[in-house]
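Participant: Right, I'll just put the structure down here and ask away after.
The values are calculated or read from the model by the stated rules, or taken from the named source; none is laboratory data. From a predicted model like this one, the values you see are computed outputs, not experimental measurements. Here the Cβ is made from the backbone with ideal geometry for all residues, glycine too, and neighbour counts use every protein chain on show. Side chains are part of the model used for accessible areas, which takes the heavy atoms of the whole protein and leaves out ligands, DNA and RNA. Shrake-Rupley method; radii C 1.70, N 1.55, O 1.52, S 1.80 Å.
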Amino acid sequence: MPTDPPDVTAQLAQLGFRAGRDALAAFLTHAHKSRFGPTESIEALVALERRAREATNLASRTRAAYLGAFKPLDRFDWAHPRKIDRELVERLATLDFVGRGENVLLRGQSGVGKTMLAKNLGHAALLAGKTVRFTTLAAALADLLQQESLPAFERRLKRYTRPALLILDELGYLPCDSRAADILFNIISRRHEHRSTVISTNLAFKQWGTVFPGAACVVALVDRFAQHCHKVDIDADSWRDRHSFERDSPEKPATPPSRPTKKR
């Protein structure tokens with residue numbers, strides 16, 4: 001007697017299959033109606049399970065990445081910036097730099113699209129099966145600085161050293177002390193030439209010392225990050241400010257037509 005499909009789906013679930021019971025039941029019904037042979041059935045079942053595992057893995061890595069909402073790259077207004085290397089950005093989106101453990105610097109004033117581009121790189125890495133972590137630099141440093149013991153610090157540090165792609169947003173917007181500089185240097189050093197890091201900032205390398213006043217490691221930090229680094233400079237007015245101005249500007253009242261003067 002043939003095994004009832006719901007019983008088979010339950011047994012597959014007990015074995016650890018990730019495909020949902022509805023998907024498994026639909027597969028079994030299709031395989032039965034199509035008269036699949038043993039080999040064909042197994043191949044199709046393996047393909048179904050592989051797709052389910054890939055989807056589960058992507059969802060898990062997406063949650064861990066903390067990318068949040070963002071506009072896709074195809075909605076970036078390339079005509080808005082006065083200066084941007086579009087060819088370089090599109091090449092970076094192929095993730096060739098991740099395979100080589102190289103870094104990316106996105107530099108420009110606030111509101112020009114640095115975070116959007118960084119998140120798109122992170123999303124592309126997720127789709128390629130990579131692990132990703134997105135955070136502002138301030139949040140990462142605060143997270144690590146509050147660890148009360150060295151073992152706790154080392155465990156938490158793995159959040160920022162293990163991902164294939166780490167994105168540190170907004171370097172330069174808040175001042176940091178020497179201890180914070182040492183922590184960032186630790187992260188960059190451990191990732192150096194092994195895993196890729198993307199940093200967005202409004203500052204040139206020579207100005208990083210103003211973010212970490214008095215820190216002795218700033219020169220070494222810049223040297224390690226910049227050694228294998230693709231630099232994307234964006235010269236533009238703030239996109240948010242421009243559209244906020246257009247949205248908030250009151251409409252000028254229409255000028256009433258002048259009436260002709262009556263002759264007496």
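Participant: Over the chain, give the accessible area per residue in Å² for a 1.4 Å probe, as an integer.
Facilitator: Values: 16250 Å² over 264 residues.
Accessible area per residue, the chain: 62 Å².
Participant: Rounded to the nearest 500, what is the chain's calculated 222 nm mean residue ellipticity when only DSSP H runs of at least 4 contribute -39500 (n - 2.57) each, over all residues?
Facilitator: Helix contribution divided over all residues of the chain: -15500 deg cm²/dmol.
Participant: Could you please state how large a percent of the accessible area of the chain is carbon and sulfur, counting protein chains only and using a 1.4 Å probe?
Facilitator: With neighbouring chains kept in place, the figure for the chain is 53 percent.
Participant: For Asp77 and Ser149, what does the FRET efficiency come to when R0 = 45 Å and r is the distance between their Cβ atoms, rounded to the nearest 0.05?
Facilitator: E between Asp77 and Ser149, to the nearest 0.05, is 0.40.
Participant: Using unit Cβ charges (K, R positive; D, E negative) and no other charged atoms, how large, in debye to the nearest 20, is the dipole of the chain about its Cα centre?
Facilitator: Numbers: 41 positive and 30 negative charges, 206 e Å.
For this selection, approximately 980 debye.
Participant: Right, another one. With an 8 Å Cα cut-off and a minimum separation of 6 or more residues, compute the relative contact order for the range 113-217 in percent.
Facilitator: Details: 133 pairs, mean separation 32.0, N = 105.
Answer for the range 113-217 is 30 percent.
Participant: Oh, and also: Using θ = phi - 60° and the Karplus form 6.51 cos²θ - 1.76 cosθ + 1.60, what ³J(HN,Hα) does each residue of the range 187-200 get, whole Hz, x for Gly and Pro?
Facilitator: Working through the residues one at a time gives 4, 5, 5, 5, 8, 3, 6, 10, 9, 8, 10, 10, 10, 10 Hz.
Participant: Against the empirical 2.2 N^0.38 Å scaling, what ratio does the C-alpha Rg of the chain come to? Kindly include the intermediate steps, with their values, before the conclusion.
Facilitator: On the way: Rg = 26.8 Å, N = 264, 2.2 N^0.38 = 18.3 Å.
Against the empirical 2.2 N^0.38 Å value, I get 1.46 for the chain.
Participant: Would you pull out the residues with amide H under 5 Å of His230's amide H, same chain only if 5 or more places away, H placed 1.01 Å from N?
Facilitator: Amide H neighbours of His230, under 5 Å, 5+ apart: Asn103, Val104, Leu105.
Participant: Something else: Take the chain, connect every pair of alpha-carbon atoms lying under 10 Å apart with a spring to form a Gaussian network, then pick out the residue of Pro175, Pro213, Pro151 with the largest mean-square fluctuation.
Facilitator: Largest GNM mean-square fluctuation: Pro151.
Participant: GNM on the chain, C-alpha springs below 10 Å: top fluctuator among Glu49, Glu170, Glu193?
Facilitator: Glu49
Participant: Order the peptides 153-166, 35-48 from the highest to the lowest mean number of other Cβ atoms within 10 Å of their residues.
Facilitator: By packing density, highest mean first, the sequence is 153-166, 35-48.
Participant: Calculate, for Thr210 and Asp85, the FRET efficiency according to 1/(1 + (r/R0)^6) with r their C-beta to C-beta distance and R0 22 Å; round to the nearest 0.05. Spell out each step's value before the answer.
Facilitator: On the way: r = 26 Å, r/R0 = 1.17.
Plugging the Cβ-Cβ distance into 1/(1 + (r/R0)^6) gives 0.30.
Participant: Related question: So what are the ³J(HN,Hα) numbers for the range 69-74, from phi and the Karplus equation (6.51, -1.76, 1.60; θ = phi - 60°), rounded to whole Hz, Gly and Pro as x?
Facilitator: Result, ordered by residue: 7, 6, 7, x, 4, 6 Hz.
Participant: Across the range 102-107, in residue order, what do the Karplus-derived ³J(HN,Hα) couplings come to in whole Hz, using 6.51 cos²θ - 1.76 cosθ + 1.60 with θ = phi - 60° and x for Gly and Pro?
Facilitator: 8, 10, 9, 10, 9, 10
Participant: Pairs of alpha-carbon atoms within less than 8 angstrom and 6+ residues apart define the contacts here; what relative contact order does the chain have, in percent? Provide the component values of the computation, followed by the final result.
Facilitator: Working: 333 pairs, mean separation 62.3, N = 264.
Relative CO of the chain lands at 24 percent.
Participant: In addition: Given a cut-off of under 8 Å on Cα pairs at least six residues apart, what relative contact order in percent is computed for the range 1-116? List each step's numbers first, then the result.
Facilitator: On the way: 33 pairs, mean separation 22.5, N = 116.
Reported as a whole number, the value is 19 percent.
Participant: Once the dipole of the chain is set up with Lys and Arg at +1 and Asp and Glu at -1 on Cβ about the Cα centre, which of Ala64, Thr135, Ala164 lies farthest towards its positive end?
Facilitator: Going by the Cα projections, it comes out as Thr135.
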